[in-house]
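The values are calculated or read from the model by the stated rules, or taken from the named source; none is laboratory data. Since the model is a prediction, treat every value here as computed from it, not as a measurement. Note: ideal-geometry Cβ built from the backbone for every residue, glycine included; neighbour counts use all protein chains shown.
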Amino acid sequence: MNITTKFLSFTLLGAEWVLWLLIGLSCVSLAIMIERAWFFFTHNFDAVTIGEDLKKLLRAGKVADARSLVKSSNTIEAIVVDAGLAEVERGPDAVGEAMLSAKARERLRLERNLAVLGTLGNNTPFIGLFGTVLGIIKASHDLTQTQGGGGAAASAVMSGVFEALVATAVGLMVAIPAVIGFNYFQRRVRATISRVDSLAHLILCELKGEEASAAGKKPSLSEVK
């Protein structure tokens with residue numbers, strides 16, 4: 001048996017197994033979208049209100065109270081802010097580096113499984129098209145085997161072609177929601193990172209302003225004399 005015959009025997013399996021594969025991938029896609037939707041729903045953070053409260057506390061020198069304000073939250077923004085406030089005594093540079101480290105680490109939580117969702121959105125149409133090609137090959141083979149069968153045989157072959165085209169439709173049905181979900185969650189990721197950056201700059205601004213104020217209050221050499 002040569003390699004062409006082996007591939008032909010594989011293609012004659014038809015498109016049904018591809019349809020089952022697409023159904024499985026659609027379940028994976030749906031599970032990821034539900035998990036991500038629940039994650040973002042349960043990790044809401046009011047950056048405007050919390051930012052104003054942090055500004056007031058830091059200007060009053062109440063770093064411990066500022067940490068308490070965010071420590072009870074499990075949101076990405078709160079975790080990054082807490083990581084920075086934990087390094088206040090080491091200066092603004094240490095605070096900034098701590099927040100950058102925490103942001104890089106927590107971004108992985110934000111983007112979890114989104115690469116899989118994007119891959120499904122991009123590739124399931126091709127899987128569906130592959131199933132259609134397999135189905136048409138099988139229908140064509142059946143047609144050559146039943147050339148003397150008359151109209152009934154031709155009708156059966158055309159039915160096989162129509163069934164094969166279903167694979168492309170199912171592939172698109174899986175891909176379209178996956179692409180929409182991927183784009184939506186990527187937008188949520190960008191919005192969260194923007195809030196993190198906004199709070200980080202606010203904290204650094206207050207700390208550097210306090211540091212500059214403290215330096216400005218130091219007596220000059222002439223005053224000491």
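Determine if segment 84-96 includes at least one residue that is closer than 27 Å to F41 by Cβ and of a type in the set (A, V, I, L, M, F, W, C). Yes: one or more hits. Counting only residues that are at pLDDT 90 or above and in contact with a helix residue (DSSP H, G or I) (Cβ under 7 Å, 6 or more places away or on another chain), which one in segment 31-75 is nearest to A102 (Cα to Cα)? Here the residue is F40.
Here is a yes/no grid of residues against (1) out of contact with any Lys or Arg (no Cβ under 6 Å at 6 or more places or on another chain); (2) closer than 28 Å to Y184 by Cα; (3) surrounded by 14 or more Cβ atoms within 10 Å (Cβ to Cβ):
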position	(1), (2), (3)
A78	yes, yes, yes
A94	yes, no, yes
L100	yes, yes, yes
R105	yes, yes, no
I137	yes, no, yes
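Results for (1) among the polar types (S, T, N, Q); (2) in contact (Cβ under 8 Å) with a residue 60 or more places away in the chain, shown as yes or no for each residue.
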residue	(1), (2)
V80	no, yes
G84	no, yes
E87	no, no
E97	no, no
E111	no, yes
N122	yes, no
T132	yes, yes
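Filtering segment 123-136 for residues that are at pLDDT 90 or above and under 17 Å from the mean Cα position of the chain (by Cα) leaves a non-empty set. State yes or no: is R105 in contact with a helix residue (DSSP H, G or I) (Cβ under 8 Å, 6 or more places away or on another chain) and either over 19 Å from G209 (Cα atoms) or in contact (Cβ under 8 Å) with a residue 40 or more places away in the chain (or both)? Judged against the criteria, R105 is not a match.
Candidates are the residues of segment 60-78 that are part of a helix (DSSP H, G or I) and in contact (Cβ under 8 Å) with a residue 24 or more places away in the chain; the one that is nearest to R195 (Cα to Cα) is E77. In segment 41-53, the residues that are free of Cβ contacts under 8 Å to residues at least 24 places away in the same chain reach residues that are surrounded by fewer than 17 Cβ atoms within 10 Å (Cβ to Cβ) and outside any helix (DSSP H, G or I) with C-beta atoms within less than 9 angstrom, at least six apart or across chains, in these pairs: T42/N74. Among the residues of segment 41-54, those identified as surrounded by fewer than 16 Cβ atoms within 10 Å (Cβ to Cβ) and either in a helix (DSSP H, G or I) or of a type in the set (S, T, Y) (or both) are F41, T42, V48, T49, E52, D53.
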